[in-house]
2 protein chains.
Amino acid sequence: MNADWLQQVFEKESQESAYRTGDFIFRLGDAPRYLYLVVSGEARAQRYSPDGAEIVMQRARTGELFAEAGMVAPRYSCEGYCTQPARILLIPFDKLRARIQSDGEFALRFSQFLTLSLRRQCARYERLRLKRASDRVLHYLNCELTGLAGADLELDIPLADWADDLGLEPETLYRTLAALEKQKLIRREARGRRIHLVGAGQACGT
Amino acid sequence: MNADWLQQVFEKESQESAYRTGDFIFRLGDAPRYLYLVVSGEARAQRYSPDGAEIVMQRARTGELFAEAGMVAPRYSCEGYCTQPARILLIPFDKLRARIQSDGEFALRFSQFLTLSLRRQCARYERLRLKRASDRVLHYLNCELTGLAGADLELDIPLADWADDLGLEPETLYRTLAALEKQKLIRREARGRRIHLVGAGQACGT
DNA sequence: CGTCGCATTGATATCGCTCAAATCCGGTGG
DNA sequence: CCACCGGATTTGAGCGATATCAATGCGACG
């Protein structure tokens, strides 16, 4: 179950907005009105520490919910903006609430969707608790290959973005991949765009 | 909204089990039957990579859901066990589903609960993307102090566990705290059990 | 009083970050 | 078709932060 389903349900009742890099989606103190679903691009929520340092609270990419906590808070305590040109679906909270309360089937689906989002976030967290770069990469490959029946992983994101997700520098990720290939734990094809995890292919949902 | 609410709703329809360290909660391949809510202790879900290395998929502590992905998967692709003596509430999925579908108010509450869980997990992830230990500690303090109106943070967990959450070694966390105190960014009281974030106190939910 | 777990401190090794530069590649315009 | 440009990838060298290993302190508790 991916986000397309949610998108279709609210096609009529919500609007899709286009944002440019740096555009604000909401600001500190705003009253939350929408659940945001990132259709493409990347959105980010951040607040500032007392000394002015940026504190990233959330990053959301294609197919992910954004600022979902607005559903339970009266005010945003952070600001939301785009780090890349993005298209975002704005689902009005009142419509969403009404739907959850009145449509049992939808409520179940939505809960399951949240559950999957939670699972993914959880895996990301556990991944970054690993200290060695190679462990993080392996964890990632193991997870992303879920259900792909041993298929290769097609990378649709630049190396730099991937590194960012893994909490590594691009150079480190590159060197790690090279090392893993030398150890024959992975095979890279198509100029590094496709990665084959040697002797792998288990699912990894809970 | 904390987990107590969920616990109360299912008091009658679910059982609370006690586990010892190392006890299995479910095994690889089992058909998911319960949503687990950790009342105390710690539960962990893990699978194994092709070469036999453990891959932690989820850790859940007091007040957190565990193996919630079972709600959408026909089989567990990992095993769940306890790393500490734990009490866990077993909420039957069929009862939960029925409730979500039939009780709109509950469905909304449950969605909000999942939403908050997602928010927390998200913050943890972003925290570990920070590379410097001091940044992780500061991010943690900023987040945990949410809504406490500038209150101090009472630590109810051992230093080692906290370090684990932050993806650091206990020694590193200790030294980092000492350094932060020397820089007067935090103050420690009560033998390190209480921490005051100097000049802080903003909320940090999205 | 002894010991057990956890906090604290020190010394060293290691890994990933940083800065710098070369290379590759796709796209663009002549 | 070819030369050129810009961004991403690749490679190198050195440094710094954190992990690791080791040891000590210290309070709770039997």
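Taking the listed residues A:Ala133, A:Ala123, the one that is of a type outside the set (S, T, N, Q), closer than 28 Å to B:Arg132 by Cα and crowded, with 22+ Cβ neighbours inside 10 Å is A:Ala123, with no other qualifying. Filtered by the rule that a residue be of a type in the set (S, T, N, Q) and either crowded, with 23+ Cβ neighbours inside 10 Å or within 9 Å of another protein chain (Cβ to nearest Cβ) (or both), the stretch A:51-92 gives A:Gln58, A:Ser77. Being within 12 Å of chain B (Cβ to nearest Cβ), more than 10 Å from DNA strand C (Cβ to nearest atom) and without any contact (Cβ under 8 Å) to a residue 12 or more places away in the chain is the filter here, so list the residues in the stretch A:165-191 that pass it. Residue satisfying the conditions is A:Gln183 alone. Taking the condition among the hydroxyl-bearing types (Ser, Thr, Tyr), surrounded by 19 or more Cβ atoms within 10 Å (Cβ to Cβ) and not assigned by TED's automatic domain parsing to the domain that holds B:Asp156, does B:Tyr48 pass? Taking the combined requirement at face value, the residue does not satisfy it.
Of the candidates B:Gly52, B:Gly22, the single residue that is over 27 Å from B:Cys122 (Cα atoms) and out of contact with any strand residue (DSSP E or B) (no Cβ under 7 Å at 6 or more places or on another chain) is B:Gly52.
Answer yes or no as to whether B:Tyr140 is modelled with pLDDT of 95 or more, more than 15 Å from A:Thr115 (Cβ to Cβ) and crowded, with 16+ Cβ neighbours inside 10 Å. For B:Tyr140, the condition - modelled with pLDDT of 95 or more, more than 15 Å from A:Thr115 (Cβ to Cβ) and crowded, with 16+ Cβ neighbours inside 10 Å - is not met. Going by what's in this entry, would A:Arg44 be described as in contact (Cβ under 8 Å) with a residue 12 or more places away in the chain and either more than 21 Å from A:Ser117 (Cβ to Cβ) or within 13 Å of chain B (Cβ to nearest Cβ) (or both)? Yes: the conditions hold for A:Arg44. One residue alone among B:Ala3, B:Ala107 is surrounded by 15 or more Cβ atoms within 10 Å (Cβ to Cβ) and either under 18 Å from A:Arg119 (Cα atoms) or at pLDDT below 95 (or both), and that residue is B:Ala3.
The residues of the stretch A:169-192 that are more than 11 Å from DNA strand D (Cβ to nearest atom) and in a loop (DSSP other than H, G, I, E, B), listed by number, are A:Gln183, A:Lys184, A:Leu185. Do we have B:Pro158 as near DNA strand C (Cβ under 10 Å from one of its atoms), farther than 20 Å from A:Leu128 by Cα and either under 16 Å from the mean Cα position of the chain (by Cα) or at pLDDT 95 or above (or both) here? Taking the combined requirement at face value, the residue satisfies it. Looking at B:Arg124, B:Arg136, B:Arg119, can you tell me which residue is more than 9 Å from chain A (Cβ to nearest Cβ) and either basic (Lys, Arg) or away from DNA strand C (no atom under 16 Å from the Cβ) (or both)? Among B:Arg124, B:Arg136, B:Arg119, only B:Arg136 is more than 9 Å from chain A (Cβ to nearest Cβ) and either basic (Lys, Arg) or away from DNA strand C (no atom under 16 Å from the Cβ) (or both).
The values are calculated or read from the model by the stated rules, or taken from the named source; none is laboratory data. As the structure is a computational prediction, the values presented were derived from the model and not from experiment. All Cβ positions, glycine included, derive from the backbone under ideal geometry; neighbour counts span all protein chains shown.
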